[in-house]
Amino acid sequence: MSLIGTKCVQGGYTPKNGEPRQIPIIQSTTFKYDTSEDMGKLFDLEADGYFYTRLANPTSDYVAKKICEMEGGSAAMLTSSGMSANFLAVFNICSCGDHFISSSAIYGGTYNLFAVTLKRMGIDVTFISPDASEEEINNAFRPNTKLLFGETIANPALDVLDIEKFAKIAHNNGVPLIIDNTFPTPVNCRPFEFGADIVVHATTKYMDGHGSAVGGAIVDSGKFDWTKYADKYPGLCTPDESYHGITYTERFGIEGAYITKAVAQLMRDLGVTPAPMNSFLLNLGLESLHVRIKKHCENGLAVAKFLKDNENVTWVKYPGLEDSKDSELVKKYLPNGTCGVVSFGIKGGRETALKFMKALKLIAIETHVADARSCCLHPATATHRQLSDDELIACGVSPDLIRMSMGLEDSEDLINDIKQAFESI
Ligand SMILES: *Cc1c(COP(=O)(O)O)cnc(C)c1O
């Protein structure tokens, strides 16, 4: 089996004699068949093939297969955004009346999905600190708890999750661990190697890497044995009357049941499908991911080190710094690099933060991270602007916090940009 860089370039698609070298863009909503019997077999999931792009499309499937190989999974699918990947991943095994547990250090949009929107659907969540003890996490479990959720490197808190510990706790309680692996990407960390069961991605970030296409992915390790807990996961282990009475675990095994159900049932009904063109763009990003991610990490570390010694800065958070609070976890889970995102506190707080950011020339103000161009954000006046200073501190976003995503420019230029902005305030 090839190494990760080769999978980035060549995974998922192997053209036969005379076929296109690059993944073809199948820009077609529908597919033609000679007989109704042929099509019937597709609807019954008895034959492989495509009939309608809302459910599945060959371009997207080639790219899903590449991401599946990169993570070392058994099956995968693409979605129209990272948010829809997170939603489908949870909703595929949680229904009204169910409960799940999530690390509190997660992306703000995901936090809101869990705390507000899923709650409106009757699905209850308990948030726990990523640093919670085994006992504290065990105590959060209930008879109707269906999964445990966390982020490898949390956006924007930048905490690193102890995946192995979380996986062990999940499995002792008979549920899968779902990991959002957006920030490290499978180049820097493959959560399945540490016991995670399902991985989700906002491909919008480093995987696309050029700020060109919003997208998401879900990958199944194929290792979690749903049939051992058949009462807990009836959607996977009993006949789906909305899909011709298929029992997903019987027909597709524990390797294929989870993703097949998510496609056949949730994509059918919710239609959060990526456009084939966007899947093609995502693949262009993936082809250079292993080369780009190294540079993002180099720039992140260089800027973090520069900020650490700067008199205008009160604190710096970057998991890759030697004295970061998570340095032991970084050694274990992220030995080749973490990510390109750095956060820091600026002396003078809110007012100075705004002046500093206005003075930056290369590093642009954006609500985004993880693409080729460096950018920055002041959460207290942007994404979190409705909160008071006390509320900001309570959710780990102090008024002096600036988040910077280091792109692929030369680090000397980025540091000079930061220097001149400090000098101007
Ligand atoms: C951006 C992000 C998401 C949401 O992805 P979208 O593509 O914006 O919907 C989810 N999780 C993490 C960690 C992210 O950074």
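Please indicate, with yes or no, whether at least one residue in the stretch 342-349 is within 16 Å of the ligand (Cβ to nearest atom), of a type outside the set (D, E, K, R) and closer than 30 Å to Lys165 by Cα. Working first, answer last.
Filtering the stretch 342-349 down to residues within 16 Å of the ligand (Cβ to nearest atom) leaves 342-343.
Subset that is of a type outside the set (D, E, K, R): 342-343.
From the residues that got through so far, the ones that are closer than 30 Å to Lys165 by Cα too are 342-343.
Yes; the residues of the stretch 342-349 include at least one that is within 16 Å of the ligand (Cβ to nearest atom), of a type outside the set (D, E, K, R) and closer than 30 Å to Lys165 by Cα.
Could you count how many residues in the stretch 159-208 are assigned to a loop (DSSP other than H, G, I, E, B) and away from the ligand (no atom under 11 Å from the Cβ)?
First pass over the stretch 159-208, keeping only residues assigned to a loop (DSSP other than H, G, I, E, B): 159, 161-162, 173-176, 181-184, 189-190, 195-197, 203-208.
Checking which are away from the ligand (no atom under 11 Å from the Cβ) leaves us with 159, 161-162, 173-176, 189-190, 195-197.
Within the stretch 159-208, residues that are assigned to a loop (DSSP other than H, G, I, E, B) and away from the ligand (no atom under 11 Å from the Cβ) number 12.
Can you tell me which residue among Thr59, Thr35, Thr30 is over 14 Å from Ser279 (Cα atoms), assigned by TED's automatic domain parsing to the domain that holds Glu241 and under 31 Å from the mean Cα position of the chain (by Cα)?
After applying the criteria, what remains is Thr30.
Within the stretch 104-139, how many residues are part of a helix (DSSP H, G or I), in contact with a helix residue (DSSP H, G or I) (Cβ under 9 Å, 6 or more places away or on another chain) and farther than 16 Å from Lys165 by Cβ? Full working, then the answer.
If we filter the stretch 104-139 for residues that are part of a helix (DSSP H, G or I), which is where we start, we get 108-120, 134-139.
Then keep just the ones that are in contact with a helix residue (DSSP H, G or I) (Cβ under 9 Å, 6 or more places away or on another chain); that gives 108-110, 113-114, 117-118, 134, 137-138.
Then drop every residue that is not farther than 16 Å from Lys165 by Cβ, which leaves 108-110, 113-114, 117-118.
The qualifying residues number 7.
Can you pull out every residue in the stretch 370-400 that is among the aliphatic types (A, V, I, L, M) and either at pLDDT 95 or above or in contact with a Lys or Arg (Cβ under 8 Å, 6 or more places away or on another chain) (or both)?
Ala370, Ala372, Leu377, Ala380
Can you find a residue that is of a type in the set (A, V, I, L, M), under 22 Å from the mean Cα position of the chain (by Cα) and not assigned by TED's automatic domain parsing to the domain that holds Asn155 anywhere in the stretch 383-397? Let's see the steps before the verdict.
Quick first cut of the stretch 383-397, residues of a type in the set (A, V, I, L, M) only: 387, 392-394, 397.
Subset that is under 22 Å from the mean Cα position of the chain (by Cα): 397.
Remaining after also requiring not assigned by TED's automatic domain parsing to the domain that holds Asn155: 397.
For the stretch 383-397, residues of a type in the set (A, V, I, L, M), under 22 Å from the mean Cα position of the chain (by Cα) and not assigned by TED's automatic domain parsing to the domain that holds Asn155: present.
Of Thr182, Thr260, which residue is under 15 Å from the mean Cα position of the chain (by Cα), buried (at least 21 other Cβ atoms within 10 Å of the Cβ) and of a type in the set (Ser, Thr, Tyr)? Step through it out loud before you land on a result.
Numbers: Thr260 fails: under 15 Å from the mean Cα position of the chain (by Cα).
Step by step, each of Thr182, Thr260 is checked, and only Thr182 is under 15 Å from the mean Cα position of the chain (by Cα), buried (at least 21 other Cβ atoms within 10 Å of the Cβ) and of a type in the set (Ser, Thr, Tyr).
Filtering the stretch 209-249 down to residues that are in a loop (DSSP other than H, G, I, E, B) and within 16 Å of the ligand (Cβ to nearest atom), which residue is nearest to Ile169 (Cα to Cα)? Write out each step before concluding.
Let us first name the residues in the stretch 209-249 that are in a loop (DSSP other than H, G, I, E, B), namely 209-215, 221-225, 230-233, 238-239, 244-245, 247.
Remaining after also requiring within 16 Å of the ligand (Cβ to nearest atom): 209-215.
Details: Gly209: 34, His210: 37, Gly211: 36, Ser212: 38, Ala213: 36, Val214: 33, Gly215: 30 Å.
By that ranking, first place goes to Gly215.
Pairs under 7 Å by beta carbon, first residue within 12 Å of Val369 (Cα to Cα) in the stretch 202-216, partner more than 7 Å from the ligand (Cβ to nearest atom) and acidic (Asp, Glu), six or more apart or different chains?
Qualifying pairs under 7 Å: Gly209/Asp371; His210/Asp371; Gly211/Asp371.
If Ile415 passes every condition in (1) away from the ligand (no atom under 16 Å from the Cβ); (2) surrounded by fewer than 21 Cβ atoms within 10 Å (Cβ to Cβ); (3) within 21 Å of the chain's Cα centre (by Cα) but one, which one does it miss?
(3)
The values are calculated or read from the model by the stated rules, or taken from the named source; none is laboratory data. What you see is a predicted model; the values in this text were computed from it and never measured. Every residue, glycine as well, gets a Cβ built from its backbone with ideal geometry; the counts of neighbours run over all protein chains shown.
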